[in-house]
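Below you'll find the structure, written out as structure tokens, and then a few comments.
The values are calculated or read from the model by the stated rules, or taken from the named source; none is laboratory data. Quantities reported herein were computed from a predicted structural model and do not represent experimental measurements. Cβ: placed from backbone, ideal geometry, glycine included. Neighbour counts: every protein chain shown. In case anyone asks, the SASA skips ligands and DNA or RNA and just uses the protein heavy atoms, side chains included. Shrake-Rupley method; radii C 1.70, N 1.55, O 1.52, S 1.80 Å.
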Amino acid sequence: MINFEYYKIFYYAAKYKNFTKAAAFLSTSQSAISHAMQNLEYQLGCRLFTRSNRGIALTDEGEKLYSFVEPGCQQFFKGESLISQSVKLETGTVHVATTVTAFECILADAITGFTSLFPNVNFRLSNFSTSGEAAAAVKNAAADISVVPSPVEVAPPLKMHDILKFTSILVAGRDTPPPARIPLHISELENYPFIFLAENTAGRRFFDEILKKYCVTLDVHVVPATNGMVLPLVRRGVGLGFLPEPMVSEELSRGTVYKIPLAEEIPERSICVVHEPSKPKSLAATAFFNYLLESAGAK
């Protein structure tokens, strides 16, 4: 059986396409890298690299091997990292600034998953009415990170990463009569009572742009501060409302609300994580930040 260490060395040599860089990363010598690769080639019975004055390149066989070794090593390193963190994360608190929308769409599930891995890490959550206020909490050092829905603008030194794409849908309470014509055009929305967010929220700014495009002014009966207040009012038949689909999936399955199809497509929005790279985070906060990115496949 071939020593796994050879495959690890092969991974870094192929990744950097340079034995010297691979040796520096692995804290060993170039000759040791070269010797290991020669042994691997001998045991596999084929050439993996072509060597020239300009460096090294993978052969066809090397490319095929790398296509299997690369994902395997990534999984191995990820597991190694999680185990290492689980040993170290015996304590710690993560301060997260968020909104109701972001919390219900992704943050609650993320905290559940993270605490199953690191049960000794605690969380302190701060709820804000707007994405901008939650993002500002990071800049003001009131939170390690913020998890918020777009649209939100952040200025350096803050940085933002998308971690979830979602679509908002139009919903009505179970007892609300459906529109006479389906799908409903956005231009027809002004004929119905609405539960619509306050003007300073990210969701309101997002929909104001859409309504402006179609020259529509809604008949707004109630102006709640957050999406968390929209759903109970829609369920009771006070009016129609736009809500992120992840927030209403359970209500839709139970039949307490129903979706009204629209003729025009509503653009996607994002849940984002905001942080300040230049500001050191605790081990717990760093681990949770990386968990959010890795869970979402974000870069």
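Give me the percent of accessible area attributable to carbon and sulfur for the chain, probe 1.4 angstrom. Its accessible area is 52 percent carbon and sulfur atoms.
Quick check on packing: order 169-182, 217-230, 93-106 by the mean number of other C-beta atoms within 10 Å, highest mean leading.
On the way: 169-182: 15.1, 217-230: 16.7, 93-106: 23.6.
Ranked by mean Cβ neighbours within 10 Å, highest first: 93-106, 217-230, 169-182.
Using a simple spin-label model with pseudo-atoms 7 Å out from Cα toward Cβ, S270 and V216 lie 2.5 nm apart.
Mind putting a number on the dipole of the stretch 1-118 about its Cα centre? Charges go on the C-beta only, +1 for Lys and Arg and -1 for Asp and Glu, and I need it in Debye to the nearest 20.
Values: 10 positive and 10 negative charges, 111 e Å.
The dipole magnitude comes to about 540 debye.
First measure r as the distance between the Cβ atoms of T93 and S116, then evaluate 1/(1 + (r/R0)^6) with R0 = 22 Å and state the FRET efficiency to the nearest 0.05.
Efficiency, from the Cβ-Cβ distance: 0.80.
Its Cα centre serving as origin, the stretch 16-72 has a Cβ charge dipole (Lys and Arg +1, Asp and Glu -1) of approximately 240 debye.
Along each principal axis, taking the top coordinate minus the bottom one, the Cα set of the chain gives 76, 43, 36 Å in descending order. Projecting the Cα atoms of P149, G241, F49 onto the dipole axis of the chain, where Lys and Arg carry +1 and Asp and Glu carry -1 at the beta carbon, places F49 farthest toward the positive end. Simple rule: put +1 on each Lys or Arg Cβ and -1 on each Asp or Glu Cβ in the chain, find the dipole, and look at I111, T226, F4; the Cα lying farthest toward the positive end is F4.
Between T167 and N140, the FRET efficiency from the beta-carbon distance, with R0 = 22 Å, is close to 0.10. Ellipticity at 222 nm from helices only: DSSP H runs of n ≥ 4 in the chain, each -39500 (n - 2.57), divided by the residue count, give -13500 deg cm²/dmol. Which distance in Å, rounded to a whole number, links the C-alpha centroids of the stretch 249-293 and the stretch 153-223? Taking the Cα centre of each part, the stretch 249-293 and the stretch 153-223 sit 17 Å apart. A simple spin-label model places the labels of E5 and R236 6.9 nm from each other, with each point 7 Å out along Cα-to-Cβ. Within the chain, the selection of entire DSSP H helices by a Cα span of 15 Å or greater along the long axis and an average Kyte-Doolittle value of at least -0.5 returns 4-16, 30-44, 283-296.
Using the crude model of +1 on Lys and Arg Cβ and -1 on Asp and Glu Cβ, and no other charge, please compute the dipole size for the chain relative to its Cα centre, in debye to 20. Before the final figure, lay out the partial values.
On the way: 28 positive and 29 negative charges, 151 e Å.
The dipole magnitude comes to about 720 debye.
Note that the chain presents 53 Å² accessible area per residue, ligands and nucleic acids not counted, probe 1.4 Å. Please compute the net charge surrounding L184, taking Lys and Arg as +1 and Asp and Glu as -1 over other residues with Cβ under 14 Å from its Cβ. That sum, taken over residues with Cβ under 14 Å, equals -2.
Note down the Stokes-Einstein diffusion coefficient of the stretch 80-178 in µm²/s, whole number, using a Kirkwood radius over alpha carbon pairs, 4 °C, and 1.567 mPa s.
On the way: Rh = 15.4 Å.
The estimated diffusion coefficient comes to 84 µm²/s.
Bridge orientation summary for the chain: considering DSSP beta bridges with both residues in this region, about 60 percent are antiparallel.
Can you tally the lysine pairs in the stretch 127-236 where the Cα-Cα distance is under 28 Å and the two residues are eight or more apart, or on different chains? Walk me through the intermediate numbers first.
On the way: K139/K159; K139/K165; K165/K212; K165/K213.
Eligible lysine pairs with Cα atoms under 28 Å apart amount to 4.
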